[in-house]
Amino acid sequence: MATLASPPETSEWTEGMRYVARQPILDLRGRVHAYELLFRAGPETAFRGDGEKATCTMLDNAVMFGLDTLSGGLPAFINCTAETLTEALVDVLPTTAVLEILETVEPTPNLIATCRNLKAQGYRLALDDFVWEPKFEPLVELADYIKVDFVLTGPEQRRKLFQRLRNRSIAMLAEKVETQEEYRQAREEGFTLFQGYYFCRPALVTNRKIPANRLLHFEILQLLQSGDIDLQKAALLMKRTASLTYRLLRLVNSSAYAIRKQINSIPEALLVVGEDAFRRIVTLAIASDLNGEQPLEILRMAFLRARFCELASQRCGLNPGEQYLLGMFSMLPAMMMLPIEDLTPALPLRQEIQAALKGEPNAERLLLEWLEHHEQGDWAACDALVESNGLTEEEMIGFYRSALPWASAALGSTV
């Protein structure tokens, strides 16, 4: 029987580790091109500007955590100071790392020579928060990516930058793109990579009815949450949507659940994995169906949130099944382009969980709130929640670390 993995214990790899989060960088087709790794420098409540300490901590964490675990095998953008580059500290990183040169770095002859050497070793370079100055020309010649802050620069400033860089094979990345309007503008200006949570904030359609086929998904969820599962009714409902049945069987046979025999039917899946695991598997399959044509990163975030909330719930005295659903359904508005207020009446959730989904502060929302702050790199807010609820930073990192590969495996089995 497939069972929920035990929460990770604080162990050697967490000693001295600080928060490490990631933000996706998407391409024109909405696919994840890379992740930027966000980090904190040390135990202080807020980052105090010690870039050298912060980057060294990031390098230590990348080694301890495993860069592939953090980035899912995709390129990982990592902030670098002049010292971490010139003193060869970045040599501990694989060449899948993209070395992000901070805007405060002075392009000295030594730094430029170091960057040439790093390029020869196979590393890619990115210039962060880039604003044109003649002194940066040698670094521009070496750069693979140029990142432009979409908040701090205006359209005319960006137009002149594109004009200066025309005919150069540099990927232009717009960062801090938070709305669909900013995303459309960045595309029109010529950017091909985008960083920010615009993809989680589609234009919501109010006063629109939930489509009938989506209501069927909610009916299945209602059935799954109502005590013992009525196997016959569940099978009949699921057979009404072929894509859902396909996703379910693909997932139950995946490495995420490590079942040794091939499962070929819905009743067999329930009998083999048990009711609790069956509920989780069906919810994953339904979420994948609901995501439709939206970027896969939305679904990845839903799976990661669900697993994290489920694992950490056992430490906080919360219901694992409810926390799993809360994490998953927190991404429903982005999946279905409907306000959460329009969706919650159809969801089989207690009033407190519905309130948590709507963003109302309550005990049920503790873990989801921590994870939302973590995704944004708001370490002070993470600290406040940890300290006021008797948790530890190491515990939360452990739950997050366990959720990452699980979410990736689940995603690969449902799409």
(request) Specify the residue that is nearest to residue 297 (Cα to Cα); the eligible residues are those in segment 187-206 that are among the aromatic types (Phe, Trp, Tyr) and surrounded by 19 or more Cβ atoms within 10 Å (Cβ to Cβ). (result) 199
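Rundown of residues vs (1) of a type in the set (Lys, Arg); (2) in contact with a Pro (Cβ under 7 Å, 6 or more places away or on another chain), yes/no style:
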residue: 300; (1), (2): yes, no
residue: 304; (1), (2): no, no
residue: 310; (1), (2): no, yes
residue: 316; (1), (2): no, no
residue: 325; (1), (2): no, no
residue: 333; (1), (2): no, yes
residue: 336; (1), (2): no, no
residue: 342; (1), (2): no, no
(message) Condition (residue is out of contact with any Asp or Glu (no Cβ under 9 Å at 6 or more places or on another chain), assigned by TED's automatic domain parsing to the domain that holds residue 227 and under 30 Å from residue 246 (Cα atoms)) applied to segment 380-389: is it met by at least one residue?
(response) no
(request) Pairs only if they're at least six apart or on different chains, beta carbon under 7 angstrom, first in segment 99-114 and without any contact (Cβ under 8 Å) to a residue 60 or more places away in the chain and in the same structural domain as residue 86 (by TED's automatic domain parsing), second part of a helix (DSSP H, G or I) and of a type in the set (S, T, N, Q); list them, first residue then second. (result) 110/86; 111/86; 114/86
(request) For residue 165, work out the one condition from (1) surrounded by fewer than 14 Cβ atoms within 10 Å (Cβ to Cβ); (2) under 27 Å from residue 111 (Cβ atoms) it doesn't fulfil. (result) (1)
(message) Can you pull out every residue in segment 132-149 that is touching a Lys or Arg at 6+ places or on another chain (Cβ under 6 Å) and either among the acidic types (Asp, Glu) or at positive phi (or both)?
(response) 144, 149
(message) Based on this model, can you work out whether residue 95 counts as among the hydroxyl-bearing types (Ser, Thr, Tyr), closer than 28 Å to residue 198 by Cβ, at pLDDT below 90 and surrounded by fewer than 13 Cβ atoms within 10 Å (Cβ to Cβ)?
(response) no
(request) Would you check if residue 112 is in contact with a helix residue (DSSP H, G or I) (Cβ under 8 Å, 6 or more places away or on another chain), of a type outside the set (Phe, Trp, Tyr) and buried (at least 20 other Cβ atoms within 10 Å of the Cβ)? (result) no
(request) Could you run through segment 91-111 and say how many residues are among the aliphatic types (A, V, I, L, M) and within 21 Å of residue 148 (Cα to Cα)? (result) 6
(request) Mind listing whichever residues of segment 98-138 are more than 20 Å from residue 192 (Cα to Cα) and touching a Leu at 6+ places or on another chain (Cβ under 6 Å)? (result) 107, 114, 115, 119, 123
(request) Confirm whether residue 338 is assigned to a helix (DSSP H, G or I), in contact with a Leu (Cβ under 7 Å, 6 or more places away or on another chain) and either on the phi > 0 side of the Ramachandran plot or hydrophobic (A, V, I, L, M, F, W, C) (or both). (result) no
(message) Within segment 93-145, take every residue that is among the aromatic types (Phe, Trp, Tyr) and not in a helix (DSSP H, G or I) and give me the one that is nearest to the chain's Cα centre (by Cα).
(response) 145
(request) Could you check segment 182-280 for helices (runs of 4 or more DSSP H) lying wholly inside it with 1 or more residues that are of a type in the set (Phe, Trp, Tyr)? (result) 212-224, 242-252
(request) Looking for whichever is farther than 30 Å from residue 164 by Cβ and either among the hydrophobic types (A, V, I, L, M, F, W, C) or in contact with a Pro (Cβ under 8 Å, 6 or more places away or on another chain) (or both) here; the options are 252, 177. Which one fits? (result) 252
(request) Scan 70, 74 and give me the residue that is part of a helix (DSSP H, G or I) and at pLDDT 75 or above. (result) 70
(message) Quick check on my filter: what residues within segment 293-328 are acidic (Asp, Glu) and free of Cβ contacts under 8 Å to residues at least 40 places away in the same chain?
(response) 293
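The values are calculated or read from the model by the stated rules, or taken from the named source; none is laboratory data. Note that this is a predicted model, so its numbers are computed, not measured. Don't worry about glycine lacking a Cβ; one is built from the backbone with ideal geometry, like all the others, and counts go over all protein chains shown.
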